[in-house]
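The values are calculated or read from the model by the stated rules, or taken from the named source; none is laboratory data. Here the structure is a predicted model, which is why all the values come from computation and not from measurement. Note that we place each Cβ from the backbone using ideal geometry, even for glycine, and neighbour counts take in every protein chain shown.
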C-alpha cells in the first residue's frame, strides 16, 4: 500500500518543475513529522530547489517557528483551515521559498473527535506572489496509512501548482 516509488516519482517531477522555474520550496509539517521533507531531500540535487522544512508538531512550535497566532489555535484548533493557512504563510515568511506546502491533521489512533475524526488532514499550498489554496481530506486506515496519504496528497498538490 505504501509505495516509496510513487513518492519518489512525484518528488522528482516536482524538483524538475522547481528547477525549470528557478523556485525554492519550503514545507511545514505537523502530523507527517518530517516525512514530506525526507521524501524531497531523498532526491539527489534537491539542495538546488529545497530551501527548508519546519516540523511543527506542537502548538508552541507552530507559534514559535511559523508565527501561527495563539488566537487561531485557541479558536480553531491545530487541525483546521485557519491554522494550515497560517502555517503555509509562516513558512513563506520564514524562508527563501517561492512556494510552500503545509500539512496538519489527526493521524491516530487517538486524538479524533466527532468534528475532527482520525484521518482528518488539512493542506495548504501557497506562493510568495499568489493566493493560498487549502483543502481538507478524510483518509482511512491506520496511522501509517493516514500519514502516507497526507505526504502523497501534499506532493500531488505541489506538482499541480508548479
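A few remarks follow.
- Any hit, region 58-76, residues being at positive phi, in contact with a helix residue (DSSP H, G or I) (Cβ under 9 Å, 6 or more places away or on another chain) and without any contact (Cβ under 8 Å) to a residue 40 or more places away in the chain: yes
- Any chance residue 80 is surrounded by fewer than 21 Cβ atoms within 10 Å (Cβ to Cβ), in contact with a strand residue (DSSP E or B) (Cβ under 7 Å, 6 or more places away or on another chain) and at pLDDT 95 or above: yes
- Residue within region 14-21 that is at pLDDT 95 or above and closer than 19 Å to residue 150 by Cα present: yes
- Some residue of region 29-37 being under 17 Å from the mean Cα position of the chain (by Cα) and more than 26 Å from residue 60 (Cβ to Cβ): no
- Of the candidates 73, 10, the single residue that is surrounded by 15 or more Cβ atoms within 10 Å (Cβ to Cβ), at pLDDT 95 or above and under 20 Å from residue 133 (Cβ atoms) is 10.
- Where strands (runs of 3 or more DSSP E) fall entirely within region 90-155, those with at least 3 residues that are more than 12 Å from the chain's Cα centre (by Cα) are at 132-138.
- Residue match in region 105-116 (condition: over 21 Å from residue 141 (Cβ atoms), touching a helix residue (DSSP H, G or I) at 6+ places or on another chain (Cβ under 6 Å) and either touching a residue at least 40 places away in the same chain (Cβ under 8 Å) or buried (at least 20 other Cβ atoms within 10 Å of the Cβ) (or both)): no
- For region 28-57, a residue qualifies if it is under 18 Å from residue 149 (Cβ atoms), out of contact with any helix residue (DSSP H, G or I) (no Cβ under 6 Å at 6 or more places or on another chain) and either part of a helix (DSSP H, G or I) or free of Cβ contacts under 8 Å to residues at least 40 places away in the same chain (or both), and the qualifying residues are 34, 37, 38.
- Filter result for residue 141 (at positive phi and in contact with a helix residue (DSSP H, G or I) (Cβ under 6 Å, 6 or more places away or on another chain)): no
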